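The values are calculated or read from the model by the stated rules, or taken from the named source; none is laboratory data. Everything numeric here is computed off the predicted structure, so don't read it as measured data. Neighbour counts run over all protein chains shown; Cβ positions are idealised from the backbone, glycine included. SASA here: full protein model, heavy atoms, side chains in, ligands and nucleic acids out. Shrake-Rupley method; radii C 1.70, N 1.55, O 1.52, S 1.80 Å.
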Amino acid sequence: MSTVSLNQYNPTKGSRILSVGAFRPNRLVGNEELAGPIDSSDEWIQQRTGIVTRQRAEADISLYDMALGAGKQAIDRAGIKASDLDAIVVSTVTFPYPTGSAAALIAGELDITVPAYDISAACAGYCYGVAQADALVRSGMADKVLVIGAEKLSDFVDPTDRSISFLLGDGAGAVVLGAADEPGISKSNWGSKGQEWDMIRMTRSNLDMRDIIEEVERTGDATAITEPGSQGGIWPTLRQEGPSVFRWAVWEMAKVAKQTLADAGVEPEDLAAFIPHQANMRIIDEFAKQLKLPEHVAIGRDIADAGNTSAASIPMAMHRLLEERPELSGGLALQIGFGAGLVYGAQVVRLP
């Protein structure tokens, strides 16, 4: 038996977020533009969601463009070069290619040959990315990791759907994580409830689309294909069981948030900010009540004019908070994401 000892990574004391970047598309889509097809109104949408407008990308702006833009800004603001990165993690459910990954494409554009991979964890994807980057840094496997949350949800919208389509926006947010002498990221509280997998879902799979196309080609009967994006259409779009998702987010995720604070040894009054996934303003307000957040705690409310941007929503909301209130820098923030799967993830982080 060999007695040779293996070399291992040298762990570090902690990790922290060094910087945050964002990419926001220029096109603003107001409620009036979306209300007609769902037989609704600006007033109804605002009352139900708190959304006034949402940002959506033009056809010539891809998810890759947004992710790269947010990532480059985070790199610049960290005061480092792309060559200083040791890994890239992209959280997304809307990159149009199942493989290769958006992360690898970004690494190629940055001209670096680091580990690069995507995470499919919907609206919890950014928090999943932070959890993995934190582990990479603290284990010594990496010194600096770029984490990007990016979505072009407008590619998967059915304009006639009343369950989720009017919520959705596009954008990207990114952070650079690096080694720190003291912990700047708490233990991640993350998990899933796959028993409720179909509460937020796509209307069709890639295999469903293949079967429809083959049937049309075989029979010449195109009745299986209706208007693109409609319930019976070939293109997959998003749906959710709205009331059930709302109850799960408000009651179950509030428990996760409270446990995350307890695990971190942090009281609500110790927080400078609360940055939840921007799913719905009513959910955010209920969170604040259940957590009994003091008045001084800044709350991310990016959803009002950005919409729900899934994996991008937390870093985009963090970016906006720090742009508007730079004095929050260095303070503690509770971040929590939750969404399709059902999946969730939360951490307390020190703001860059």
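For region 217-247, the set of residues classified as modelled with pLDDT under 80, more than 19 Å from Ala122 (Cα to Cα) and open to solvent by less than 80 Å² (accessible area, probe 1.4 Å) consists of Gly220, Asp221, Ala222, Ala224, Ile225, Thr226, Gly229, Ser230, Gly232, Gly233, Ile234, listed by residue number. Here is the figure for region 101-114: residues that are over 16 Å from the mean Cα position of the chain (by Cα) and within 16 Å of Ala150 (Cα to Cα) total 5. Among residues that are surrounded by fewer than 18 Cβ atoms within 10 Å (Cβ to Cβ) and either under 28 Å from Ser188 (Cβ atoms) or among the aliphatic types (A, V, I, L, M) (or both), Gly21 is not included. Suppose we filter region 253-270 for residues that are within 23 Å of the chain's Cα centre (by Cα), free of Cβ contacts under 8 Å to residues at least 40 places away in the same chain and open to solvent by 20 Å² or more (accessible area, probe 1.4 Å); how many remain? Here the count works out to 2. Can you pull out every residue in region 36-87 that is outside any loop (DSSP other than H, G, I, E, B), open to solvent by 70 Å² or more (accessible area, probe 1.4 Å) and modelled with pLDDT of 95 or more? Scanning region 36-87 gives Lys72, Asp76, Arg77, Ser83. If you go through region 200-214 and keep only what is open to solvent by less than 80 Å² (accessible area, probe 1.4 Å) and free of Cβ contacts under 8 Å to residues at least 40 places away in the same chain, you end up with Arg204, Ser205, Asp208, Met209, Asp211, Ile212, Ile213.
In region 1-44, which residues are within 24 Å of Ile75 (Cβ to Cβ) and touching a Ser or Thr at 6+ places or on another chain (Cβ under 6 Å)?
Across region 1-44, the qualifying residue is only Tyr9.
Can you find a residue that is of a type in the set (Lys, Arg), open to solvent by 10 Å² or more (accessible area, probe 1.4 Å) and more than 22 Å from Ala70 (Cα to Cα) anywhere in region 188-197? Yes: one or more hits. Selection of region 301-352 for residues being among the aromatic types (Phe, Trp, Tyr) and either farther than 27 Å from Gln195 by Cβ or open to solvent by 20 Å² or more (accessible area, probe 1.4 Å) (or both) yields only Tyr344. Against the conditions (1) open to solvent by 50 Å² or more (accessible area, probe 1.4 Å); (2) within 16 Å of the chain's Cα centre (by Cα), Val90 satisfies every one except (1). On the stretch given as region 168-211, residues that are under 18 Å from the mean Cα position of the chain (by Cα) and polar (S, T, N, Q) total 3.
Among the residues in region 132-155, are any open to solvent by 50 Å² or more (accessible area, probe 1.4 Å), without any contact (Cβ under 8 Å) to a residue 40 or more places away in the chain and within 23 Å of Gln55 (Cβ to Cβ)? Checking region 132-155: not a single residue is open to solvent by 50 Å² or more (accessible area, probe 1.4 Å), without any contact (Cβ under 8 Å) to a residue 40 or more places away in the chain and within 23 Å of Gln55 (Cβ to Cβ).
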